[in-house]
Amino acid sequence: MKTAAVFCRTLVRVTGPALIVLGVLFWTGHAMSSISLHMALGVVLVLSLWALAVLAAVARVSLGLVILSVAWGFVVPILGVVQTRLLPGPAHWVIQVLHLLVGMAALGLADTLATRITSVAGALRSPGRPSAVATPAGVEGGVARR
Ligand code: HEM
């Protein structure tokens, strides 16, 4: 589980900055031919976020965070696709900033999930710590062992 979480976090840490760099290029009127690459990277990011949410659910990390992350994974691409039609005119920068902030929040959620998953997985493995792994003889690796 820890390996999968680290893999997904790596995907997010690679795609996230690439998305922001491409976005800033679009913002300044450059690299417009790379919009489909930007969208494809966005899809990878969302799939990684959802994978982390599933791993977090299995690891029993906060259910609220899991639900928020799954929902956020819908908001990011929907806003990304419809943004060009929202608030056309001088106020369109508001939508552009919103798109950037929503995307960055997705990066933050993914990172938080990965951190929680790896700490839960690490805690279950580290000896000497009270754990929830029950064995016929008692609690394996926990303070209940004498
Ligand atoms: C599946 C997810 C995503 C889709 C479909 C998507 C789509 C798009 C599109 C179509 C544009 C060009 C808009 C235009 O022509 O004016 C754009 C721009 C941009 N994107 Fe994304 N994007 C996604 C995810 C992200 C993420 C996760 C970030 C940041 C972490 C991001 C940051 C930006 C920025 C800064 C711009 C330039 C400003 C703007 O036009 O909004 N995008 N995105």
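The values are calculated or read from the model by the stated rules, or taken from the named source; none is laboratory data. The structure displayed is predicted, hence computed values, not measured ones. Heads up, the Cβs are rebuilt from the backbone with ideal geometry, glycines too, and the neighbour counts pull from every protein chain shown.
For this structure, a couple of remarks:
- Pairs are defined by a Cβ separation below 8 Å, a sequence spacing of at least 6 or placement on different chains, a first member in the stretch 1-20 that is surrounded by fewer than 19 Cβ atoms within 10 Å (Cβ to Cβ), and a second member that is outside any helix (DSSP H, G or I); the pairs so defined are M1/A59.
- Members of the stretch 56-84 that are in a helix (DSSP H, G or I), hydroxyl-bearing (S, T, Y) and either modelled with pLDDT under 95 or near the ligand (Cβ under 7 Å from one of its atoms) (or both): T84
- Candidates A18, A53, filtered to the one that is modelled with pLDDT of 95 or more and more than 17 Å from T115 (Cα to Cα): A18
- Out of V120, V143, V102, one residue alone is modelled with pLDDT under 95 and either within 20 Å of V76 (Cα to Cα) or in a helix (DSSP H, G or I) (or both). It is V120.
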